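Since the structure comes first, as structure tokens, the remarks are kept for the end.
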Amino acid sequence: MEIEELPEEAPKASLARENLLEEAQRAASSGTVDGKKVVSIVVIGHVDAGKSTLMGRLLYEVGRLDEKTKRANERGSLKAGKSSFSWAWGLDGTTEERQRGITMDIAQQFFSTPHRQITVLDAPGHKDFVPNMISGASQADCALLVVDAATGEFEAGFERGGQTREHVLLVRSLGVSQIIVAVNKLDQVEWSQARYNEIESTLRPFLAQSGFTASKTSFVPMGAMLGVNLVGREGEDAKQLNEWYSGPTLVDRLDKMEPPKRDYANFFRLPISNIFKTQSTSNVYITGRIAGGIVQVGEKVRAMPGDDSVVGVVKSIEVEDAPVNWAMAGTNVTVGLTNIDPISLNIGSVLCFPDEAMPLATVFTARIIVFDITVPITSGASVELFNQSRDVPATTSKLLSLIDRATGEVKKKNPRVLTKNVSAEVEISLRGAGSSIGTKGVPLEPFSVNKDIGRILLRRGGETIAAGIVLEILG
Ligand SMILES: Nc1nc2c(ncn2[C@@H]2O[C@H](COP(=O)(O)OP(=O)(O)OP(=O)(O)O)[C@@H](O)[C@H]2O)c(=O)[nH]1
């Protein structure tokens, strides 16, 4: 991203709040920008399933990656001795990623289909990079799950230890309710319909159990590297697939994704997922997805946690690389701030209006679903708490009750341990009281107040062990 210096003057808000609400209501009910609905996707899947190749090829096919860049990528990856990775070079940004042939951070890209404006958050597949993926998924409306159809590869990604299951559970827990499964690398199994059906019939029940409804789950057969069934199915490479498949392409599927419900009437909340500093000590750009309310250029904002005397002014708002005057919940934005020292901002902090400051929590209750763990969760166990783009040390300080997953009723009070796949209510306390995070707490609101912010994940030893929603902030 190119950083420009912001002009010196802080702008004034141009619209009265009532008018802004009316405009937001109109825009939210049409759900469109330039006549298109705006949606964001996170790309998930096991390492080497072909996520970056698929996105690189897709961006090329829809005209976002030009011939020149494509050829430069081909030359670059050939020189590095990794010619088969050339499509992924469209996305895999840093030199380190290119040398290792893996994607490490969330790269943002934009493109359009006939009826949708799409923001793509590419997710890395390596095990230790799951935290990055969480940040991407907490900003997405739809997941694109890429699976490798090659013999033994789909199975390796789907078994315990593979990332397919963990990613699916994670994105659903973070509120993503639509999923498209790209059954990739079908060229490696001679475009076998039987293989495609086998993968679909294995994944469907799992996706349903994970909470994706059948109407919001779809499958697309493809060969990303050859560009088959991304936008079309012409030419020799697509001949075998055309013999048995006449359904939608990936773009046809993407073009039907539904935009999020926009919680524009809520308090303004913008969790910071990235910070871009400028030369100046009082100007900074941040990116994130607005989790509640509306913000306009000229309004005063502060960060939570943060010093309440530090109040900045919104100098610019960009959506999909274009400047706008205001933006509302559900939108991924880049916001330029002035009068604020970048030092007072951290990834995971939440921007809000000074008179509607976000609560900070050190102890809260949550309803969680425990994942497929081998070591049970005990009372007082150390965990890492993930919320938005932040992770902090915490403990499951009290195990309050076991909940029946079907009825939601309490099955047992004060259980001794939580084993795999149970649903429970727990109390969570931040560790490290006395340290900056321990005393100040994390910005958090109950799920009943804000459905984006009120979601949490618990991890232990590099593995996600539970996901849940915040019930009540106790302190
Ligand atoms: N035969 C075949 N190979 C493919 C296809 N798509 C991707 N590949 C190859 O699979 C390998 C992995 O592709 P990537 O796109 O880097 O996979 P990824 O899922 O982004 O990997 P990570 O970023 O490491 O998680 C590369 O060698 C690709 O060229 C395909 O449709 N057919």
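Data overview
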read-out: Solvent accessible area, Å² - residue 404, 1.4 Å probe, full protein context; value: 50
read-out: Relative packing of peptides 193-201, 313-321, 408-416, 221-229 - highest average C-beta neighbours within 10 Å first; value: 221-229, 313-321, 193-201, 408-416
read-out: Which listed pairs, of 412/451; 413/451; 12/256; 12/277; 277/440, have C-alpha distances above 31 Å, in listed order; value: 12/256
read-out: Whether region 230-387 is rounded, prolate or oblate, judged on the alpha carbon gyration tensor where a/c under 1.5 counts as rounded; value: oblate
read-out: Cα shape, region 158-287, gyration tensor, a/c 1.5 rule; value: prolate
read-out: Accessible area (Å², 1.4 Å probe, nearest 10) - residue 302; value: 20
read-out: For region 142-247, share of DSSP beta bridges that run antiparallel, in % to the nearest 5; value: 10
read-out: Surface accessible to a 1.4 Å probe, residue 115 within the full protein complex, Å²; value: 110
read-out: Relative packing of 327-337, 421-431, which averages over residues the other C-beta atoms within 10 Å, highest first; value: 327-337, 421-431
read-out: Region 196-271, relative contact order in percent, only Cα pairs under 8 angstrom and at least six apart counted; value: 20
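The values are calculated or read from the model by the stated rules, or taken from the named source; none is laboratory data. Bear in mind that the values here come from a model prediction, so they are computed numbers and not experimental data. Backbone-built Cβ (ideal geometry, glycine too); neighbour counts: all protein chains shown. Surface accessibility is based on the protein's heavy atoms, side chains included, excluding ligands, DNA and RNA. Shrake-Rupley method; radii C 1.70, N 1.55, O 1.52, S 1.80 Å.
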